[in-house]
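A short write-up of the structure that comes next.
The values are calculated or read from the model by the stated rules, or taken from the named source; none is laboratory data. Predicted model only: the values in this text are computed from it and were never measured. Note that each Cβ is placed from the backbone with ideal geometry, even for glycine, and that neighbours are counted across all protein chains shown.
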């Protein structure tokens, strides 16, 4: 599904990530972990098509996603429908005057009948337990509520892949657990989930493998679930990456 071979990204003469090799299968849960500035967020933006690799090759469902591809509005719009991205800062993702309109905006761009738009929005409001917020102004919500709305704006598009950049940062335990439950149900339904996080214990039940970034902007290792089960000292190490 998602394959990157010898990926490198350079911006303003600085290396954002280097020697990246990654393979994610449909329905897999993956976490990308590592120090701040290691290249985690850059990798996510490459996958979603916001940036193009400087060197190397990235394919999504066998299609080459390169500079020419992301400059083609029709092609990249199709990619955005298939890969949903939840930014670390929810404020940059919210711009409508009500929660309902926030969730309806993206799906309306698909040209679906309004009855289908309404169904998708209502289903997401229920899934995320924010039905009581649907007429509220997004900017006036709490951090946890904003995060749920941002996730909902992605889910109404029904993407194949859901990418979340540090989704639990600054949230109370209540919202962390709610978002984890939602992501777990989406994974069970066959969605591919990609998460960046600094806290292994928050994501270990959601993912099948980890990609560990080092300070050299490269992935040091891919670790499978069976390698971390029953290894508490390893978990403590991951919690402090």
Inset, instruction - Tell me which residues, restricted to region 130-162, are in a loop (DSSP other than H, G, I, E, B) and either in contact with a strand residue (DSSP E or B) (Cβ under 7 Å, 6 or more places away or on another chain) or within 23 Å of residue 29 (Cα to Cα) (or both). - result: 156, 157, 158, 159, 160
Legend entry - Unique residue being farther than 30 Å from residue 130 by Cβ, in contact with a helix residue (DSSP H, G or I) (Cβ under 9 Å, 6 or more places away or on another chain) and without any contact (Cβ under 8 Å) to a residue 60 or more places away in the chain when the list is 75, 57: 75
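Mind checking whether some residue in region 113-126 is touching a helix residue (DSSP H, G or I) at 6+ places or on another chain (Cβ under 9 Å), free of Cβ contacts under 8 Å to residues at least 40 places away in the same chain and not in a helix (DSSP H, G or I)?
Keep residues of region 113-126 that are touching a helix residue (DSSP H, G or I) at 6+ places or on another chain (Cβ under 9 Å), which gives 114, 116-118, 120-125.
Filter once more, keeping what is free of Cβ contacts under 8 Å to residues at least 40 places away in the same chain: 114, 116-118, 120-125.
Restricting the remaining residues to those that are not in a helix (DSSP H, G or I) gives none.
No, region 113-126 has no match at all.
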Legend entry - Residues located in region 97-112, provided they are part of a loop (DSSP other than H, G, I, E, B) and more than 21 Å from the chain's Cα centre (by Cα): 97, 98, 111, 112
Inset, instruction - Might you check whether a residue that is on the phi > 0 side of the Ramachandran plot, modelled with pLDDT under 95 and either buried (at least 22 other Cβ atoms within 10 Å of the Cβ) or in contact with a helix residue (DSSP H, G or I) (Cβ under 8 Å, 6 or more places away or on another chain) (or both) occurs anywhere in region 147-158? - result: no
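Confirm whether residue 43 is in a helix (DSSP H, G or I), crowded, with 20+ Cβ neighbours inside 10 Å and at pLDDT 95 or above. If you could, list the steps in order and put the result at the bottom.
On the way: in a helix (DSSP H, G or I): yes; crowded, with 20+ Cβ neighbours inside 10 Å: yes; at pLDDT 95 or above: yes.
Yes: the conditions hold for residue 43.
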